[in-house]
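> Take a look at this one; I'll ask things after.
The values are calculated or read from the model by the stated rules, or taken from the named source; none is laboratory data. Here the structure is a predicted model, which means the values were calculated and not measured. Cβ placement follows ideal geometry from the backbone for every residue including glycine, while neighbour counts extend to all protein chains displayed.
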Amino acid sequence: FALGSLALMFSKHHRLVEILQNTLAMSFAWCFLWSTRWLALGWSLLQELHAEPFTMEGRILMALLLSSAALAVIFVLDTVEDGAHEAWGEGSMRRVSKVVQ
């Protein structure tokens with residue numbers, strides 16, 4: 001939300017804001033990946049199944065879970081964007097699209 005607001009405030013620096021937004025998104029993605037791996041190290045269920053994050057089975061399981069979570073978030077954001085389009089029309093869609101991005 002905050003990055004979308006920054007993009008609207010600094011429209012003449014659109015490219016700079018876009019680069020900042022992409023950099024922060026990639027930083028978040030890497031932090032989320034490693035924090036999920038760190039969290040999975042403590043799960044006793046994964047240890048019982050011999051699927052710790054350093055094994056191939058653990059990595060595949062983590063990839064499937066993270067991909068499923070990302071798909072769910074994308075679906076929710078798309079539903080929100082479609083609902084906003086129907087409720088508010090074209091006029092405010094620019095702001096909603098920036099927030100969803």
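> Can you pull out every residue in the range 35-59 that is surrounded by 13 or more Cβ atoms within 10 Å (Cβ to Cβ) and part of a helix (DSSP H, G or I)?
The answer is THR36, ARG37, ALA40, LEU46, GLN47, GLU57, GLY58, ARG59.
> Please verify whether PHE32 is surrounded by fewer than 13 Cβ atoms within 10 Å (Cβ to Cβ) and either modelled with pLDDT under 85 or part of a helix (DSSP H, G or I) (or both), treating the condition exactly as stated.
Spelling it out, it is not the case that PHE32 is surrounded by fewer than 13 Cβ atoms within 10 Å (Cβ to Cβ) and either modelled with pLDDT under 85 or part of a helix (DSSP H, G or I) (or both).
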